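The values are calculated or read from the model by the stated rules, or taken from the named source; none is laboratory data. Predicted model, so just to flag it, every value in this text is computed and none were measured. For neighbour counting, all protein chains shown are included, and Cβ atoms are generated from backbone atoms with ideal geometry for every residue, glycine included. Just so you know, the surface numbers come from the protein's heavy atoms only, side chains and all, with ligands and any DNA or RNA stripped out. Shrake-Rupley method; radii C 1.70, N 1.55, O 1.52, S 1.80 Å.
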Amino acid sequence: MTDPHGTHCWFELTTPDAPAAEAFYAAVTGWVPRDAGMPGMRYTLVGPADHAIGGIMALTDEMKAGGARPGWTGYVAVADVDAAAAKVRSLGGNVYMPGTDIPGVGRFAIVADPQGAVFALYKDTSGMTPPPAPPGGTPGHMGWHELHTTSIDGALAFYGEMFGWRKDVTMDMGPNGIYQLFATGGMPGNAGAASPSADGGMVAKEPGAPGSYWLYYVNVASVDAAVERIGAGGGSVLHGPHQVPGGSWIVLAMDPQGVPFALSGPR
């Protein structure tokens, strides 16, 4: 895990069938699953062969009782998890899980922005030197972070106050509304983005979506090949492939357990 303040540093999937999800994402994205060696639970690290970028774990009954549901959660690096969680609350967000230690690894909290989109705060306490950021568009890494929200202006204000995120290029998508890019100051994850400084985008959530949420894009070497693997693995393509400003091709999809995810890359 990397720890640059205010940037996404980890991605975690909670799912009803962890072994099946591990196999599916490995086939679609080329990730290499490996056991994290956590006592008392199965936690699988995923990412390219040389670098873990996230983890997969089973959604337990205890988690479901607490309101958790299957999905990807992005972790944002902070200097002080407890202070950041308090700030989330002061800005109108919610704290679902207060600061919790992972011995020898880090401290995290699960929170939500004022519009209800869930994310996590994270502080690395391992003492390990993080690997250098890869070039934008590197396959196997998360290349784009997209917030579907009930208020783009509200989200910009919240994340700007929390992490210093900045408004970037604004694109008029016609009947699909405004697509607002944002910059975090970290390494851009997608070489094909419309703005070289952008790290993600914000868009009005779909009318049928139950609430605001984050969607994460995995870089792949070939979108067309990945689409074939999605179908072969029991997943489904919801939209795409279609080209976006900047030249990348994207796909919005659903894994076999019903969790949405996205891909970005060349055709």
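If you project the alpha carbons of the range 35-184 onto their three principal axes, what span does each projection cover, largest first, in Å?
Extents along the principal axes: 50, 35, 29 Å.
Taking every eigenvalue of the Cα gyration tensor of the range 111-223, multiplying by 5 and rooting it, what semi-axes result, largest first, whole Å? Please report the intermediate quantities before stating the final value.
Working: eigenvalues 111, 69, 38 Å².
Its equivalent ellipsoid spans semi-axes of 24, 19, 14 Å.
Can you order the peptides 35-45, 247-257 by their average number of other Cβ atoms within 10 Å per residue, highest first?
Values: 35-45: 12.4, 247-257: 19.5.
Packing order, densest peptide first, comes out as 247-257, 35-45.
Hey, any idea what % of the chain's accessible area is carbon plus sulfur with a 1.4 Å probe?
Numbers: 6740 of 11720 Å².
After summing per-atom areas, the C and S share lands at 58 percent.
Relative to 2.2 N^0.38 Å, what does the C-alpha radius of gyration of the range 12-71 come to as a ratio? Two decimals please.
Working: Rg = 11.7 Å, N = 60, 2.2 N^0.38 = 10.4 Å.
For the range 12-71, the normalised Cα radius of gyration is 1.12.
To the nearest 0.05, how large is the calculated FRET efficiency for Asp82 and Ala225 if R₀ is 41 Å and r is the Cβ-Cβ distance?
Details: r = 44 Å, r/R0 = 1.08.
Here the calculated transfer efficiency is 0.40.
Could you go through the range 201-213 in sequence order and give the Karplus-derived ³J(HN,Hα) for each residue, using 6.51 cos²θ - 1.76 cosθ + 1.60 with θ = phi - 60°, rounded to whole Hz, and x for Gly and Pro?
Per-residue couplings from phi come out as x, 10, 8, 5, 5, 5, x, x, 6, x, x, 5, 7 Hz.
With +1 on each Lys and Arg Cβ and -1 on each Asp and Glu Cβ, how big is the dipole of the range 22-80 about its Cα centre, in debye rounded to the nearest 20?
Working: 4 positive and 6 negative charges, 30 e Å.
Dipole size: approximately 140 debye.
What share of Cα pairs, in percent, lie more than 28 angstrom apart in the chain? Walk me through the numbers on the way to the answer.
Details: 10505 of 35511 pairs.
Of all Cα-Cα pairs in the chain, 30 percent lie more than 28 Å apart.
Compare the peptides 175-182, 216-223, 200-207 by average per-residue count of other Cβ atoms within 10 angstrom and give them in order, highest first.
Working: 175-182: 16.1, 216-223: 21.8, 200-207: 19.1.
Averaged packing, sorted descending, gives the order 216-223, 200-207, 175-182.
Along the Cα-to-Cβ line of Val105, 7 Å from the Cα, sits a label point; which residues in the range 68-90 have backbone N less than 20 Å from it?
What the label zone holds, given the 20 Å backbone N cut-off, is 68-82, 85.
Once the cut-off is 22 Å, how many percent of the Cα-Cα pairs in the range 1-123 end up in the long-distance tail? Display every interim value, and only then the final one.
Numbers: 2658 of 7503 pairs.
That tail contains 35 percent of the Cα-Cα pairs.
Under a 1.4 Å probe, what is the accessible area of the range 117-267 per residue, stated in Å²? It would help to have the intermediate numbers written out before the result.
Details: 6490 Å² over 151 residues.
Accessible area per residue: 43 Å².
Which of Leu121, Ala65, Gly208 sits farthest toward the positive end of the charge dipole of the chain, with +1 on the Cβ of Lys and Arg and -1 on the Cβ of Asp and Glu?
Ranked along the dipole, the leading option is Gly208.
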